[in-house]
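The next block holds one structure in the form of structure tokens; read it before the comments.
The values are calculated or read from the model by the stated rules, or taken from the named source; none is laboratory data. Computed from a predicted structure; not experimentally measured. Backbone-built Cβ (ideal geometry, glycine too); neighbour counts: all protein chains shown.
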Amino acid sequence: MKVAFQGIRGAYSEMAVHEHFGKAVGTVGCDAFDDVFERVESGEVTYGLIPVENTIAGTVVENYDLLFANDIFVIAEVYLPIRHTLLAKKGARLEEIKEALSHPHALKQCKAYLKSKNIKMVPSYDTAGAAQAVASGDRLDCAAIASALCAEIYDMEILERDIQTNSSNTTRFFVIAKKENLPVDHKTGKTTVAFKTRHYPGALVDCLKIFQKYSLNLTKLESRPIPENPWEYVFYAAFEAGIDADEVKSAIGELTLHALFVKLLGSYPKAEKCW
């Protein structure tokens, strides 16, 4: 079995793959998020794993747009604590580090630590790519901020662990698959849908009252523009109940009567949060 993720070896997404599927699973790195969807749809891989939300950076809107645009089903959610590590070439010493490469988000999350060490921040495309660049270079005064997995993959020195300012930094991922690849014993406890309201005052309120009517606890509600239809929006909603529950079937059935359309994006087990 192979699982696709965005990034190169050592990315936090690959760590999330191992967290959910175990170390033995085969991983396939992709250049972009839409490449992950394409590999899943083509059957090149069985599953894909995509980040959808971070406790600091917020929603990864591109992946919600891709879920809406593709015939792909969410079958699981995964929470991964983000623990940033300062890595350098073997033989490097912490007191000699002058620059740190990483993704801008990671640099921002470690700004206080870097400032305390008088280390200059250098933006890079991604965290694992920064680690690979430092490992293949010849500078001992340059480090990368990335996952501890990168130290193992690129044979690097770990100079410091847990250098992020916010200890609750966590990313939520979705595992995606073609509907025919749903596990035989697939269980559900949460559901994510997309819907578009009609155009009259209170249309969204009428749709939301349906979730209240059937006692469905909303855990997410967010709007996104529809590129093909300027100034029109689709709403993404997640609630704590599986698609097989009678109240969910009734709620979605009623929602289809009030909304212009409803798309089921996935129904999956409720993952245990890691904080």
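From the list Ala177, Ala143, Ala133, Ala148, pick out the single residue that is touching a residue at least 60 places away in the same chain (Cβ under 8 Å) and outside the structural domain of Asp71 (by TED's automatic domain parsing). Answer to the selection: Ala148. Taking Arg9 and the conditions (1) more than 15 Å from the chain's Cα centre (by Cα); (2) over 30 Å from Thr165 (Cβ atoms), which numbered condition does it fall short on, given that it satisfies the others? Only one criterion in (1) more than 15 Å from the chain's Cα centre (by Cα); (2) over 30 Å from Thr165 (Cβ atoms) is unmet by Arg9, namely (2). All conditions in (1) within 22 Å of Lys270 (Cα to Cα); (2) surrounded by fewer than 20 Cβ atoms within 10 Å (Cβ to Cβ) hold for Ala32, with the sole exception of (1). Taking segment 224-275 as the range and being surrounded by fewer than 16 Cβ atoms within 10 Å (Cβ to Cβ), closer than 15 Å to Val61 by Cα and modelled with pLDDT of 95 or more as the test, no residue passes. Here are Leu107, Leu80: which of them is surrounded by 20 or more Cβ atoms within 10 Å (Cβ to Cβ) and touching a helix residue (DSSP H, G or I) at 6+ places or on another chain (Cβ under 6 Å)? Step by step, each of Leu107, Leu80 is checked, and only Leu80 is surrounded by 20 or more Cβ atoms within 10 Å (Cβ to Cβ) and touching a helix residue (DSSP H, G or I) at 6+ places or on another chain (Cβ under 6 Å). Quick check on segment 11-29. Is at least one of its residues assigned to a strand (DSSP E or B), touching a Phe, Trp or Tyr at 6+ places or on another chain (Cβ under 9 Å) and buried (at least 22 other Cβ atoms within 10 Å of the Cβ)? For segment 11-29, residues assigned to a strand (DSSP E or B), touching a Phe, Trp or Tyr at 6+ places or on another chain (Cβ under 9 Å) and buried (at least 22 other Cβ atoms within 10 Å of the Cβ): absent. Of all residues in segment 131-185, those satisfying the criterion of being of a type in the set (Ser, Thr, Tyr) and buried (at least 20 other Cβ atoms within 10 Å of the Cβ) are Ser147, Tyr154, Thr171. Scanning segment 221-275 for residues that are small (Gly, Ala, Ser) and farther than 19 Å from Asp71 by Cβ gives Ser223, Ala237, Ala238, Ala241, Gly242, Ala245, Ser250, Ala251, Gly253, Ala259, Ala271. Annotation: Val60 fulfils all but one of (1) within 30 Å of Thr165 (Cβ to Cβ); (2) at pLDDT 95 or above; the unmet one is (2).
The set of residues in segment 219-275 being of a type in the set (Gly, Ala, Ser), more than 22 Å from the chain's Cα centre (by Cα) and within 30 Å of His20 (Cβ to Cβ) consists of Ala245, Ala251.
Taking Ala128, is it under 30 Å from Pro269 (Cβ atoms), touching a residue at least 60 places away in the same chain (Cβ under 8 Å) and either outside the structural domain of Glu240 (by TED's automatic domain parsing) or buried (at least 22 other Cβ atoms within 10 Å of the Cβ) (or both)? Here the answer is yes, as Ala128 does meet what is asked.
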